[in-house]
Amino acid sequence: MLGFLFATVAAFATPQLEVAPVFSDHMVLQRDQPVVLWGPAAAGAEVVVAWKGLRVSSNADDSGAWRLVMPALPANADGQTFRLHSGEQTVELNDILTGDVWICAGQSNMDSHLHAIAMQWRHGNRPNNLRFGFLMPNTPRQVLVAHRSRRRESCGR
């Protein structure tokens with residue numbers, strides 16, 4: 001019984017492979033620029049990312065932090081899947097595009113206009129390669145991590 005308890009505790013204590021909360025399904029990565037990915041994994045574990053025939057790997061440091069750089073990719077409007085592996089653990093990010101990423105900043109009145117445009121595109125006839133994401137100013141990091149389950153959505157799908 002004691003062995004079962006230790007095995008159960010060890011299974012739950014194994015650090016999980018993750019990507020930083022900024023990465024999710026339906027994201028757009030900047031084209032023609034190297035892409036830096038990072039997150040936690042087991043200390044010293046190899047982390048492998050496979051995407052569109054590319055394979056890049058790195059090892060987590062002693063604290064479990066890993067970071068790797070994907071080479072620059074051309075624009076692509078067909079959603080692809082990122083697969084990250086570390087040991088038996090796998091994380092998939094689906095419907096990933098490469099294209100131009102625009103960051104807009106402004107006052108609070110800008111938020112309502114962008115939200116209205118996103119809703120119009122979401123419910124109208126439009127191309128599927130336009131994506132909107134919103135990040136409110138002064139958002140504490142804890143809130144961003146807690147809202148990780150709120151994934152981006154494609155406006156065209």
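The values are calculated or read from the model by the stated rules, or taken from the named source; none is laboratory data. What you are looking at is a predicted structure, and each value in this text was computed from that prediction instead of being measured. All Cβ positions, even for glycine, are placed from backbone atoms using ideal geometry, and neighbour counts span all protein chains on display.
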**Asked** Which residues, taken from the range 88-105, are closer than 17 Å to residue 37 by Cβ and in a strand (DSSP E or B)?
**Response** 89, 90, 91, 92, 93, 94, 95, 96, 97, 98
**Message:** Give all pairs with beta carbons closer than 9 Å in which a residue from the range 11-37 that is within 20 Å of residue 50 (Cβ to Cβ) and modelled with pLDDT under 90 meets a residue that is among the polar types (S, T, N, Q) and part of a loop (DSSP other than H, G, I, E, B); count only pairs at least 6 apart in sequence or on separate chains.
**Reply:** 28/129
